[in-house]
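Below is one structure, written out as structure tokens; the observations come after it.
Nothing in this text is a laboratory measurement; each read-out follows from the coordinates by a stated rule. Nothing here was measured: the structure is a model prediction, and the numbers come from that model. Cβ: placed from backbone, ideal geometry, glycine included. Neighbour counts: every protein chain shown.
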Amino acid sequence: MTVSPSPLAVENATLGYGRLAISEGLTVDVPDGEFTVIIGPNACGKSTLLKALARMLKPSAGRVLLDGRDIHSRSTRTVARRLGLLPQSPIAPDGITVADLVARGRYPHQGILRQWSARDEAVVAEAMEATDITDLASRSVDELSGGQRQRVWIAMVLAQQTPLLLLDEPTTYLDITHQIEVLDLCAKLHREGRTLVAVLHDLNQAARYATHLIAMRDGAVVAEGAPADIVTDDIVEKVFDLPCRIIEDPETATPLVIPRARPRDLG
Amino acid sequence: MSTASTPVRAAVIRVGDYSVRLRGRTVAAVAGCVLALVAVASWSASTGTFELTPDRLWAALTGSGTHAEEFIIWTVRLPRLATAVCVGACLGLAGAIFQTLTRNALGSPDILGLTQGASVGALGAIVIAGASTTVVTGSAAAGALGTGLVIYLLTRGSDPSGYRLVLVGIGVAAILAGVNGYLLTRSDIVDASRAVFWLTGDLAGRDWGQAATVAAVLAAGGIATLVISRGLDALRLGEVTAVGLGAGVGGVRATALVTASILTAGGVAVAGPLAFVALAAPHIAARLTGSSRSFLCAALVGALIVTVADAAAVFGVGGRQLPTGVVTGVVGGVYLMWLLVTQRKKGVMP
Ligand SMILES: Nc1ncnc2c1ncn2[C@@H]1O[C@H](COP(=O)(O)OP(=O)(O)OP(=O)(O)O)[C@@H](O)[C@H]1O
Ligand SMILES: [Mg+2]
């Protein structure tokens, strides 16, 4: 067996829904130990790619490889201990409390006779602390604001304690402070050795936090590499049809995208 | 970092690597149901046309009663009681599984068409073949299982939400109700009255053989439920999250549907379609435990409803016994209305 250097990869895959193909012959390697961010316009297939990487969507051709082996040939529980997914719009059962929902993240580590270990308890408390929701523990999830709810779901995925994390738009619904907090948390997890893949819409945040960028359009990868090489006026225009200028972020020296003013804005 | 307060309210028993979580309120509810069940059972075993004082009941149970006492207890009342308990538990458990699977408060075998399927089996045997009770029982079970299979085949594969299951079930139920109406109209008066009696549901004259059959179904269903209970719990979070957490969703869903169908088939075949038991039991259990994750409590509440209803049916109205199904229908119907009126605001977690 050839062992791929990347823990997670899509190999020459056709992804789609029923007869509708979104991506054809798509090949993506998730580099080990990197914080990969996927960018691209709405409906270009970012979530579709993430679903394929998380085995929610089976490619109609090609393969998805986890540690060099077909992800669909492995037990779903084994996979759940390797990678965690935050879906774009998860649903919570009515009336479930925050602590209960976060505790569900321990599922792949539990069994009929291993229902709640001391470790489960510590990990859940830690995940709630990291996402700043400890005070919400006994609140009902459906009574929370969109941003609070998003952080609860992130905590659930954190409680799963997987070396690989796939996050579909983890910052939607969040105010600017919490967006930065979530991204800082991601950066911290990355520093601690986890491999992350996130879909983000804010190019400046993507450029600031990602260590590896993948730009997609119409189901295909247009460019990938270090943020400084990807966030250029050429590529941004090619991917988003948006004329722009790139300046240096005065805080981090990463690229900052400034959309060009249209003639009417100039007055 | 503080990990002081337990975020999940439950007592945990740990022995080495093993741990079991017990919610205080669930334990209390289960214990309460068991006590209530014992109380109702002893009451209904000692009352009726042949009254027994508690010490005579004890004597009959322990084999030191008179011949008449022992006959009435061991041959008439206990088999009927045992059947009531097992049928109720089967229906309560089936209802809880269906409600979890459909993520819908109305997901019960009555709504999904399994009860109607059993009725088609029973009515077909009565009207077309004029069959014996044993054949009617078998045919009813086959009807329920067949319906479960049809629903499974129609909803297999793509099922992102439980809604599809509910809608397909409602459609199947409507078709089968039509078949039942047709069977009734083409039957003669003797068969028709037998059919209507079966459709009401009753426990009169049940023997140990029937009690043992339902008990076996209940035991098998209970074990299967235990095996998939964790998976069902994960499915409450929706398909995508459940898969993400490592639940074998396809297998859990198929096993759950088969298990709940068999439980319904067992219960309905022996007692007829006792109205509303499967629908109401999981809701009452959820109210008692404050969480709807206890399948055991749903089964116990089901047993309690049927036992109470059967005791009331034997007690009767104006000196005449009633079919059990009439009473469960009234009890369940009243409860459902109460639920709809009071729960408009906010439900318990499904
Ligand atoms: N479950 C589905 N069934 C059918 N088509 C789908 C499904 N989910 C997505 N699609 C289609 O696939 C295409 C890609 O969708 P996808 O969700 O991958 O986009 P995205 O890049 O994540 O977009 P966004 O930025 O809006 O989240 C879209 O045209 C969408 O309509
Ligand atoms: Mg998306």
Going by amide H atoms built from the backbone, whose H comes under 5 Å of the H on A:Ala198, apart from near neighbours? A:Thr36, A:Val37, A:Ile38, A:Leu167
Report the label-to-label distance for A:Thr252 and B:Thr75 in nanometres (one decimal), using points 7 Å from each Cα along the Cα→Cβ vector. 8.6 nm
What does the extension gain come out to for B:Ser193 and B:Ala31, with contour length at 0.36 nm per residue minus their alpha carbon separation? 54.2 nm
Histogram of C-alpha separations across region B:180-302, 5 Å bin width, %: 2, 10, 14, 17, 17, 14, 10, 7, 5, 3, 1, 0
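Between A:Ala122 and B:Val15, what FRET efficiency follows from the Cβ-Cβ distance if R0 is 22 Å, with the result rounded to 0.05?
0.70
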Just the Cα atoms of region B:231-328: what Rg and Dmax do they give in Å? 17.1, 60
For region B:21-345: span of alpha carbons on each principal axis (Å, largest first): 63, 54, 36
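Counting only DSSP beta bridges with both residues in the protein assembly as shown, what percent are antiparallel, rounded to the nearest 5?
So the antiparallel bridges amount to about 65 percent of the total.
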Between region A:81-118 and region A:1-40, how many Å separate their Cα centres? 26 Å
Taking chain A as a Gaussian network, Cα atoms linked when under 10 Å apart, which of A:Leu158, A:Leu242, A:Leu50 shows the biggest mean-square fluctuation? A:Leu242
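Taking R0 as 22 Å, what FRET efficiency do you get between A:Thr27 and A:Thr211 from their Cβ-Cβ distance, rounded to the nearest 0.05?
0.65
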Please identify which residues in region B:215-250 have an amide N closer than 16 Å to a label point set 7 Å out from the Cα of A:Thr78, following the Cα→Cβ vector. B:246-248
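Tell me, Kirkwood radius of region B:116-170 from alpha-carbon pair distances, in Å?
For region B:116-170, inverting the mean 1/r across all distinct Cα pairs yields 12.1 Å.
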Take the Cα coordinates of chain A, assign each an equal point scatterer, and use the Debye formula without solvent to give log10 I(q)/I(0) at q = 0.09, 0.15 Å⁻¹. -0.43, -1.15
Collect residues whose amide H, placed 1.01 Å from N in the peptide plane, falls under 5 Å from the amide H of A:Gly68; neighbours closer than 5 in sequence don't count. A:Ser4
Can you list the DSSP H helices in chain B whose Cα atoms extend at least 24 Å along the helix axis and whose mean Kyte-Doolittle hydropathy is 0.5 or higher? B:24-46, B:78-102, B:133-155, B:163-185, B:208-235, B:249-271, B:295-315, B:324-342
Debye equation applied to the C-alpha atoms of the protein assembly as shown, log10 I(q)/I(0) at 0.10, 0.12 Å⁻¹: -0.92, -1.16
Can you give the Rg and Dmax of region B:1-119 based on its C-alpha atoms, in angstrom? 21.5, 72
Can you list the aspartates and glutamates whose alpha carbon is less than 17 Å from that of A:Lys188, not counting same-chain residues fewer than 8 positions off? A:Asp32, A:Glu34, A:Glu126, A:Glu129, A:Asp132
Between B:Arg164, B:Arg194, B:Arg14, which gets the highest mean-square fluctuation from a Gaussian network model of chain B, Cα cutoff 10 Å? B:Arg14
